[in-house]
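**Q** Have a look at the structure that comes next, please.
All of the numbers you see were taken from the coordinates with simple rules; none came from a lab. Predicted, not measured: the structure shown is a model, and the values here were computed from it. Please note: Cβ atoms are built from the backbone with ideal geometry, for glycine as well, and neighbour counts cover all protein chains shown.
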There are 2 protein chains.
Amino acid sequence: MGNLGPNFTDPSSPHAGEFQPLDHEEFRRQAHRVVDYIADYYKSIEEYSVLSQVKPGYLLASLPKTAPSEGQRFDEILGDVRRYIMPGLTHWVSPNFFGFFPATVSSAAFMGEMLCTAFNCVGFNWLASPAATELEMVVMDWLASMLKLPPSFMFSGMASVPLFSFSFLWTGGGVLQGTTSEAIICTLVAARDRAIEEIGPPDYHDYTSKLVVYGSDQTHSTFKKACQLVGIRPSNIRLIPTTAKSNFALSPLDLQKAIKADVAAGLVPLYLCATMGTTSTTAIDPLEQLVHVVTEYNIWVHVDAAYAGSACICPEFRHCLAGVERVDSLSLAPHKWLLSYLDCCCLWVKRPSLLVKSLSTNPEYLKNKLSESNSVVDYKDWQIGTGRRFRSLRLWLVLRSYGLENLQAHIRSDIGLARIFEDLVRSDSQFEIVAPANFGLVCFRLKGSESKRTEALNKELLEQVNSTGRAYITHTIAGGVYMLRFAVGSTLTKEHHVVAAWKVIKERAEIVLTTEDRNQIVNL
Amino acid sequence: MGNLGPNFTDPSSPHAGEFQPLDHEEFRRQAHRVVDYIADYYKSIEEYSVLSQVKPGYLLASLPKTAPSEGQRFDEILGDVRRYIMPGLTHWVSPNFFGFFPATVSSAAFMGEMLCTAFNCVGFNWLASPAATELEMVVMDWLASMLKLPPSFMFSGMASVPLFSFSFLWTGGGVLQGTTSEAIICTLVAARDRAIEEIGPPDYHDYTSKLVVYGSDQTHSTFKKACQLVGIRPSNIRLIPTTAKSNFALSPLDLQKAIKADVAAGLVPLYLCATMGTTSTTAIDPLEQLVHVVTEYNIWVHVDAAYAGSACICPEFRHCLAGVERVDSLSLAPHKWLLSYLDCCCLWVKRPSLLVKSLSTNPEYLKNKLSESNSVVDYKDWQIGTGRRFRSLRLWLVLRSYGLENLQAHIRSDIGLARIFEDLVRSDSQFEIVAPANFGLVCFRLKGSESKRTEALNKELLEQVNSTGRAYITHTIAGGVYMLRFAVGSTLTKEHHVVAAWKVIKERAEIVLTTEDRNQIVNL
């Protein structure tokens, strides 16, 4: 094999020259080096431009066209990470990252992720790794309890029934998905198949074409994609318009009108995706009123609380989920605000049996006595794929390492920093706040007299700010208004970062406004 | 916040008492400890029972019902991993793991995964982290080239066209998915939507109900699930029976008959999932003949080469993919045989534009000039979800650290070990081989005079072997025959492990046969 190096056994050993891709001492050496590399990265993270400033093709042009024939030394590869990868990173962990929603991290979650990777359990069913399944059940109940979800969403919800005298399919429960998209697809398919079963096979597809789903124009774009994916007719996807007047929340009255019209037209209302904390502006759909509206129809109600749901571990925000006891499912992504790295999305359902009915597979090679007796949870039947990682370790480490009180403090601190930014914006007459800052996001813009010009000004400001590399913010359009989004919550962000970012924004605004004035004079 | 500890700032610092979930020095300390924990685990892995021997509920009964209020010390948590998690693990990394297919690992992939986690880039589009997108393009081309896939599956396939003077949508290319299930769903939806577009909107759903998909009874169970998920009528899913006579491969003649019958019945053939290396027995569907059969129909041909595809980096196995230049897409999971940990599934498609057409979303908050100019790849439009991890780092580290030659040696070594096991079985008149051992899997069983009894004997043998904790094997049924599966290829497995596992099997077979003889005497 020629290229003998650290990945090969000692020449004096009986296995001399054998390829050893998991020699534990070489693993140890390399991993300690990578740990230091990462810790140093986190230490010096503010030295990097937050938004990568490379041009398209920078890496394609730099790397060889084919993989090497012989193995290369670890030093060389780590050197290339520094040389080629780092400049092309947009630094999501940076305290100066205020784009999209933060993707939060923590030491505890990193340790959990290392263990998850190391064990490499493929937990498709209970037997394939009992700890992976049971820890997931435990942490899903823990988090449900922190959010004060009703017992109907928890494995331990039926507290009066002795453990294992009943099937887990008949309690509620939670499962970890990779993304909100998967959570929506799984529940949508369960709802679809329940509806189809009710009508029976002869009219099967005819009926599918009648199914209608509801959300608002602020519902995450993945909702529409998920609906199309599972075969909902595109013309049956109702994304009800919202307005600035109602703070971009879905209007129960508008929903009711839409449903009534559809029923009158012979269509069948199937699924409502309500959002707690929309992606554009963190709008809060009024859940309690919405479930009231749909109560007479057999509609599956899902709550997408991907980002803002985490705030409900604080009692003062829990009212945003009022009415949740009457919904069918809820998803929340701890990789957004609960310090847990990508990818981790919690899905709780009241009737897992409906998920299992739509998603179960039963190939011979996975059969075993326990699964057949229904006395264990086989999570492969709660998700799209078959294989799955031991993701719950990450959440378990986060919840234990920090505890409820610190996690509450972390949420409150982020919201407090957003208030500071909001106040800075409000105190400046050149700027305005354009949507309620419910959580850690502040939507704002440079004021302008005329809408087209204001949009151009703010677009220019966005580019200017991001090109400095000192802060990264993003934009959106809601209710026809172009606005800038300042999302506070990156794990490392402190008050001084928020203040410094505001300084950058102010500084660049001056340039943008001055240039604009000059251009206007020239144009006169 | 009370519980001051390592996650809090130094009392003497200006941020005294602040919650610090990512203090870089605390991160460093904890991560070094976890590295040692994992290296020690790998070192002592043979001391663990391969199959976990716990009972259902073992962990649910041991852990508290709610998360702690205050944070807990890292020592305590790591102690609980040892105490509660380890006994509930089925040790997939163990050299004595011969179940399912191996889920292979390596130092290089672990390092790549640590970096991926640390950067925590959410690479939905190019701009969100250019390095994440471009490195994925590079490694997908590298691996395509190692597999000698035709240039039509590669970004660099159109070598004569200068880089960036054309849109990447018009070349072929590859993308990393989590699992084969996702790869199948994405391509199936692309095929479905292409077919629907051809007929046009008025007949939309009527047409969907006519679409027919094909596979064999050996196709992975996720295929049927994926079809149902995207709305293929269950009665339109053809899983054509295979037989032991044709080595459980899909018969081109049977496929042709099925297609002709469907066309005659007014149905529309949509999609064929051919498998290279089926899950039960590693059967190889005859791709070249299959594509010849479907050539006159507008059928999307996908090749699921999840496990065995990796063998095609060795020239002597490449013939298994003969005909691949005429298929539409191919998936292969390096987490099975290319040392890369979960979850990592490569999908190559000839016409990414079809994927993008079905899977793209374009919310305002993700819009940017580069995406709109189509000059970059936005991988969110090649997959189900929006968010995505920097998975390519893992593959890049594997391909560079080991190089093509070592990876070929690794594949050949596993197959060589399987040959050793096969010879051991063949040399024993009490056993028989029941399916061709094409790669690293050997399907065998204890011989028996009568089919029911033979099945019972082998079931008993399976349980006995696995209860020792010294080896883990699984089973399947193909062509009505119950058989044991011995899958060689766990990263740490050496010849002596294979020989020792055979000894355990022999030893337990003696017990099973003796007990059976005794019972028969009693029954006389």
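**Q** Largest first and in whole Å, give the semi-axes of the stretch A:430-472's equivalent ellipsoid, each being the square root of 5 times a Cα gyration tensor eigenvalue.
**A** Equivalent ellipsoid of the stretch A:430-472: 18, 18, 7 Å, largest first.
**Q** Counting pairs of Cα atoms in the stretch A:412-523, how many percent are more than 16 Å apart?
**A** Of all Cα-Cα pairs in the stretch A:412-523, 57 percent lie more than 16 Å apart.
**Q** Starting from the Cα of A:K380, draw a straight line to each of the lysines and keep only those under 20 Å, dropping any in the same chain fewer than 8 residues away.
**A** Cα-Cα hits under 20 Å: A:K350, A:K357, A:K367, A:K369, B:K55, B:K224, B:K225, B:K336.
**Q** Same structure, new question: Near A:K245, which aspartates and glutamates are there with a Cα under 19 Å away, not counting those fewer than 8 places off in the same chain?
**A** Partners found: A:D217, A:D254, A:D285, A:E432.
**Q** Per residue, how big is the convex hull of the stretch A:122-388 when only Cα atoms are used? Give it in Å³.
**A** Hull volume normalised by residue count: 132 Å³.
**Q** So, one more: At 37 °C and 0.692 mPa s, grab the translational diffusion coefficient of the stretch B:239-307 from Stokes-Einstein with a Kirkwood Rh over Cα pairs, rounded to a whole number in µm² per second.
**A** It diffuses with D of about 264 µm²/s by this estimate.
**Q** Expressed in nm to one decimal, what extension gain is obtained for the pair B:E495 and B:R412 from 0.36 nm per residue of sequence separation less their Cα-Cα distance?
**A** 28.6 nm
**Q** Tell me, in nm to one decimal, what length is gained between A:A322 and A:S451 on full extension, where the rule is 0.36 nm per residue of separation less the Cα-Cα distance?
**A** 42.7 nm
**Q** Here is a further query. Name the residues of the stretch B:234-272 whose amide N is less than 16 Å from a point 7 angstrom out from the Cα of B:I477 along the C-beta direction?
**A** B:241-244
**Q** Still on this structure, please answer the following. Where the centre of each part is set by its Cα atoms, how far does the stretch B:431-484 sit from the stretch B:59-137, in angstrom?
**A** 32
**Q** Another question, then. Would you work out the charge dipole size for the stretch A:24-99 about its Cα centre, treating the Cβ of every Lys and Arg as +1 and the Cβ of every Asp and Glu as -1, and quote it to the nearest 20 debye?
**A** My answer is approximately 200 debye.
**Q** Then there is this: Ignore the peptide's own chain and count Cβ atoms of other chains within 10 Å of each Cβ in B:277-290; give me the average, rounded.
**A** Mean partner shielding for this stretch: 1.
**Q** Under the convention of a label 7 Å out along Cα→Cβ, give the distances in nm from B:P363 to the same position in every other copy, shortest first.
**A** Once sorted, the set of distances for B:P363 reads 3.4 nm.
**Q** Turning to a different aspect of this structure: Name the nearest-to-axis residue of chain B, judged by Cβ distance to the rotation axis taking chain B onto chain A, and quote that distance in whole Å.
**A** For chain B, the closest residue to the axis carrying it onto A is B:G231, 1.
**Q** Okay, next question. With +1 on the Cβ of every Lys and Arg and -1 on the Cβ of every Asp and Glu, and nothing else charged, how large is the dipole of the stretch B:400-523 about its Cα centre, in debye rounded to the nearest 20?
**A** The calculated dipole for the stretch B:400-523 is roughly 200 debye.
**Q** Over the stretch A:280-370, what relative contact order in percent results from Cα pairs under 8 Å that are six or more residues apart?
**A** 25
**Q** Using Cα pairs under 8 angstrom and six or more residues apart, how large is the relative contact order of chain B, in percent?
**A** With pairs under 8 Å counted, the relative contact order is 21 percent.
**Q** Okay, moving on. Report the calculated FRET efficiency for A:S427 and A:E510 (r = Cβ-Cβ distance, R0 = 22 Å), to the nearest 0.05.
**A** For A:S427 and A:E510, the calculated efficiency is 0.85.
**Q** Can you tell me the relative contact order of the stretch A:24-99? Whole percent, Cα pairs under 8 Å, sequence separation 6 or more.
**A** Worked out over the stretch A:24-99, it gives 51 percent.
**Q** Along Cα→Cβ at 7 Å, what distances in nm separate the A:G416 label point from those on the other copies, shortest first?
**A** So the label point of A:G416 gives 6.4 nm to the other copies.
**Q** What whole number of Å gives the distance from the Cα centroid of the stretch B:368-416 to the Cα centroid of the stretch B:240-262?
**A** Comparing the Cα centres of the stretch B:240-262 and the stretch B:368-416, I get a distance of 34 Å.
**Q** Can you pull the Rg over Rh of the stretch B:229-384, Cα-only, Kirkwood?
**A** 1.02
**Q** Also: Once the convex hull of the C-alpha atoms of the stretch A:474-518 is built, how many Å³ does it hold per residue, rounded to a whole number?
**A** Normalising the Cα hull of the stretch A:474-518 by residue number yields 83 Å³.
**Q** Just order A:83-93, B:401-411 by mean Cβ neighbour count inside 10 Å, highest at the front, would you?
**A** B:401-411, A:83-93
**Q** Percent antiparallel among DSSP beta bridges with both residues in chain A, to the nearest 5?
**A** Percent antiparallel among DSSP bridges in chain A is about 60.
**Q** Can you count the Lys pairs in the stretch A:389-524 whose Cα atoms are under 23 Å apart, with each pair 8 or more apart or on different chains?
**A** Going through the stretch A:389-524 pair by pair, I get 8.
**Q** To make sure I understand the rule: partners must be aspartates and glutamates, Cα under 14 Å from the Cα of A:K65, and not fewer than 8 residues away in the same chain. Which ones qualify?
**A** Qualifying aspartates and glutamates at Cα under 14 Å: B:E134, B:E136, B:D141.
**Q** In the stretch B:317-409, what is the volume of the convex hull around the alpha carbon atoms, normalised per residue and reported in Å³?
**A** 136
**Q** Report, for A:E198, each distance to the same residue's label point in the other copies, shortest first and in nm; define the point 7 Å along Cα→Cβ.
**A** Reported distances to equivalent positions: 3.6 nm.
**Q** Here is a further query. For chain A, what is the charge dipole size about the Cα centre, in debye to the nearest 20, if Lys and Arg each add +1 at the Cβ and Asp and Glu each add -1 at the Cβ?
**A** Value, rounded to 20: 720 debye.
**Q** What translational diffusion coefficient, in µm²/s and rounded to a whole number, does the Stokes-Einstein relation yield for the protein assembly as shown at 37 °C and a viscosity of 0.692 mPa s, taking the hydrodynamic radius as the Kirkwood radius over Cα pairs?
**A** After rounding, the answer is 111 µm²/s.
**Q** Could you list, bin by bin from short to long, the percent of Cα-Cα pairs of chain A in 20 Å steps?
**A** Over chain A, the share of Cα pairs per 20 Å bin runs 19, 48, 29, 4, 0 percent.
**Q** What number, in nm² with one decimal, is the all-direction average of the projected area of the convex hull of the alpha-carbon atoms of the stretch A:24-99?
**A** Average of the hull's projected areas for the stretch A:24-99 equals 6.5 nm².
**Q** Express as a percent, rounded to the nearest 5, the fraction of DSSP beta bridges in the protein assembly as shown (both residues included) that run antiparallel.
**A** Beta bridges within the protein assembly as shown, antiparallel portion: roughly 60 percent.
**Q** Right, something else. Would you mind computing, in nm to one decimal, how far apart the modelled labels at A:Y58 and A:R82 are, each placed 7 Å from Cα along Cα→Cβ?
**A** 1.8
**Q** On average, how many beta carbons from a partner chain sit within 10 Å of the beta carbon of a residue in B:376-387?
**A** Per residue, the average neighbour count from other chains is 5.
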